[in-house]
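The values are calculated or read from the model by the stated rules, or taken from the named source; none is laboratory data. Nothing here was measured: the structure is a model prediction, and the numbers come from that model. Don't worry about glycine lacking a Cβ; one is built from the backbone with ideal geometry, like all the others, and counts go over all protein chains shown. These accessible areas exclude ligands, DNA and RNA; they are computed on the full protein's heavy atoms, side chains included. Shrake-Rupley method; radii C 1.70, N 1.55, O 1.52, S 1.80 Å.
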Amino acid sequence: MIENGGHPMTEQPQDDAAARVWKAMRVLVLEKEDRRRETAEVLGLSFFRARALRRLLRGPLPMRELAARLSTEKPYLTLLVDDLEKRGYVVRTPHPEDRRSKIVALTEEGARVAAEAEAILARPPAGLLTLDPDDLAALDRITAALVRP
């Protein structure tokens, strides 16, 4: 391994392999089985709106917290929540401790739509289901190691 300014540099073949693996993962997740597009089409709303509903599945959130979890600006979130409220998916109520703040919660219909989005996104790509069991077990070990904290 070569060092450059105190930072270890990986060898070129490993860099190339990592780039190929990352490209294949992106193609599998974002292109070959585009679950974002499928989610939007099935639910009849943008993927970002579905994502907002999914963030609320664990419970109501203050608008400021929801904006942070979605990595969006509060003015845009207000427009988004307005739309979701018109559709009957969320309700806004005053925060019990801060009257300037609003809490956003799913309605029963919003929870149903969010759960449907979760089901679509949780479905494994067909390619994974056709892998040899040993290859799938190896991939399971590898991906578990990649996401481990």
>> Out of everything in the stretch 15-59 that is open to solvent by 80 Å² or more (accessible area, probe 1.4 Å), not in a loop (DSSP other than H, G, I, E, B) and not hydrophobic (A, V, I, L, M, F, W, C), what residue ends up being modelled with the highest pLDDT?
In response: GLU41
> What are the residues in the stretch 64-85 that are closer than 18 Å to THR107 by Cβ and open to solvent by less than 30 Å² (accessible area, probe 1.4 Å), if any?
Replying inline: LEU66, LEU77, LEU80, VAL81, LEU84
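Return the residues of the stretch 53-108 that are hydroxyl-bearing (Ser, Thr, Tyr) and within 19 Å of ALA40 (Cβ to Cβ); say none if nothing qualifies. Walk me through how you get there before you give the answer.
Keep residues of the stretch 53-108 that are hydroxyl-bearing (Ser, Thr, Tyr), which gives 71-72, 76, 78, 89, 93, 101, 107.
Those that are hydroxyl-bearing (Ser, Thr, Tyr) and within 19 Å of ALA40 (Cβ to Cβ): SER71, THR72, TYR76, TYR89.
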> Going through the stretch 86-112 one residue at a time, which ones are open to solvent by 70 Å² or more (accessible area, probe 1.4 Å) and either under 18 Å from ARG58 (Cα atoms) or not in a loop (DSSP other than H, G, I, E, B) (or both)?
Replying inline: LYS86, PRO94, LYS102, GLU108, GLU109, ARG112
